[in-house]
Amino acid sequence: MAHAQGQQHPLGVYFKVWALLFVLSSFSYMVDYYHVEGYLRWTLILIFMFLKAGFIIAIFMHIKWERLALSYAILGPPVLLLVFIGIMTYESDYTFLTRGIFFVTGS
Amino acid sequence: MTPSDTDSTIAQPGLTPGLPGLAEDWSSDQRTFKNVPWGKAMMWIFLLSDTFIFSCFLISYMTVRMSTTVPWPIPSEVFALSFGGEPIPLILIAIMTFILITSSGTMVLAVNYGYRMDRKKTAILLLITAALGASFVGMQAFEWTKLIHEGVRPWGNPMGAAQFGSTFFMITGFHGFHVSIGVLFLILVARKVWRGDYDTGKRGFFTSRKGSYEIVESMGLYWHFVDLVWVFIFAFFYLW
């Protein structure tokens, strides 16, 4: 007897996502290999990263098929990290500026 | 309902879907995560806390990289590897990435065959996953050795900003540690699957109810998480 509780899905979707992850990884490697620089580089890296992460979480980790009570409890809290990133960006800019002033003028 | 029925709360047709279901689940008594075995819910909560640990590492890396006045070493060159000819940028890291993705694929198949009660296939796939994970750790050890020989230390390196070494060893070290522990548990779970512990409901640690392979899914969640963290490390540390 099969447990209806388990996350059981046709294998096809896994193979598709698997292939997709390979393709996306090669794309992000290509970004480095062909020396794409500047904002285009960072945008591409982020796009491929989020796509990969999304597919892993949604399909491989089955979040797509979970009830919202679980998915939101897992996916909601990490959003707060954006605040943390914001704070630390501000802080590191400040540190950089003070270092600039003190290391250059030495006062 | 007999106690065993309540215990295994199989997909209840009575559950409300969508947002009203979310409100209903959270305001219901006894359990919030319907249809989810407690072991899996706990694994998710552990992974959530682990997310914050790795985020702290990556954010501290961002902070030191943004605030240093010394140029950051170029990862593309630092991690280049030459096979007799011209050095190929980031090649080892690319191979490691593909190995980890492959292992994620074998893991997801293991979970699937586990739920199909295919004992042998599940165990073999788990062992393949473990072997791929072990080779990943091996390559990481190689990479560490190479960098240490080139004079990279947690307190400084010949290529540029001193913070490069400390963040590199901390982030990849912590990730490698996760992979190593994962390999260990994959082997343990594979052994239990092979012996048929989950069919007979044999008692011991990491057991589950008779005929239930949910441990394999929790193991899978952990393994995919390790892959997930690598996606972020690859993007932010090696490619940025």
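The values are calculated or read from the model by the stated rules, or taken from the named source; none is laboratory data. Predicted model, so just to flag it, every value in this text is computed and none were measured. Backbone-built Cβ (ideal geometry, glycine too); neighbour counts: all protein chains shown. Each accessible area value is taken on the protein alone, full model and side chains, heavy atoms only, with ligands, DNA and RNA left out. Shrake-Rupley method; radii C 1.70, N 1.55, O 1.52, S 1.80 Å.
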So what are the radius of gyration and Dmax for the Cα set of the range A:9-66, in Å? 13.3, 41
Can you pull out the buried accessible area for chains A and B, both sides counted, probe 1.4 Å, rounded to the nearest 100 Å²? 5700
Computed P(r) (all Cα pairs; chain A; 10 Å bins; percent): 11, 25, 28, 20, 10, 5, 1, 0
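I want the local charge near A:LEU70. Using Cβ-Cβ distances under 12 Å, sum +1 for each Lys or Arg and -1 for each Asp or Glu among the other residues. Don't jump to the answer; show the numbers that get you there.
Working: positive: A:LYS64, A:ARG67, B:ARG31, B:LYS34, B:LYS40; negative: A:GLU66, B:ASP25.
Local charge sum for A:LEU70: +3.
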If you filter the range A:6-98 for chymotrypsin sites (Phe, Trp or Tyr not before Pro), then keep DSSP loop positions with at most 15 other Cβ within 10 Å, what is left? A:TYR34
Value of Rg/Rh across the protein assembly as shown [Cα atoms, Kirkwood radius]: 1.02
Could you calculate the contour length gain from B:ARG31 to B:TRP240, that is, 0.36 nm times the residue separation minus the distance between their Cα atoms, to one decimal place in nm? 71.0 nm
With an 8 Å Cα cut-off and a minimum separation of 6 or more residues, compute the relative contact order for chain B in percent. 23
Can you list which of the trypsin sites (Lys or Arg not before Pro) found in the range B:75-146 are DSSP loop residues with at most 15 other C-beta atoms within 10 Å? B:ARG116
The range B:4-130 - percent relative contact order, Cα under 8 Å, separation 6 or more: 11
Projected convex hull area of the range B:68-123, Cα atoms, direction-averaged, in nm², equals 6.7
Cut-off 20 Å (backbone N to label point 7 Å along Cα→Cβ of B:VAL70), residues of the range A:80-107: A:92-107
Short to long, in 10 Å steps from zero, the percent of alpha-carbon pairs of the range B:1-149 per bin is 9, 19, 28, 21, 14, 8, 1, 0
Given labels modelled 7 Å from the Cα in the Cβ direction, how far is it in nm from A:ILE47 to B:THR207? 5.3
Would you mind computing, in nm to one decimal, how far apart the modelled labels at B:ASP199 and A:PHE103 are, each placed 7 Å from Cα along Cα→Cβ? 6.4
The range A:26-55 residues near the modelled B:PHE98 label - backbone nitrogen below 16 Å, point 7 Å along Cα→Cβ: A:26-34
Between B:LEU48 and B:GLU24, what is the label-to-label distance in nm when each label sits 7 Å out along the Cα-to-Cβ direction? 2.2
Need the C-alpha centroid separation for the range B:155-218 versus the range A:23-75, integer Å. 22
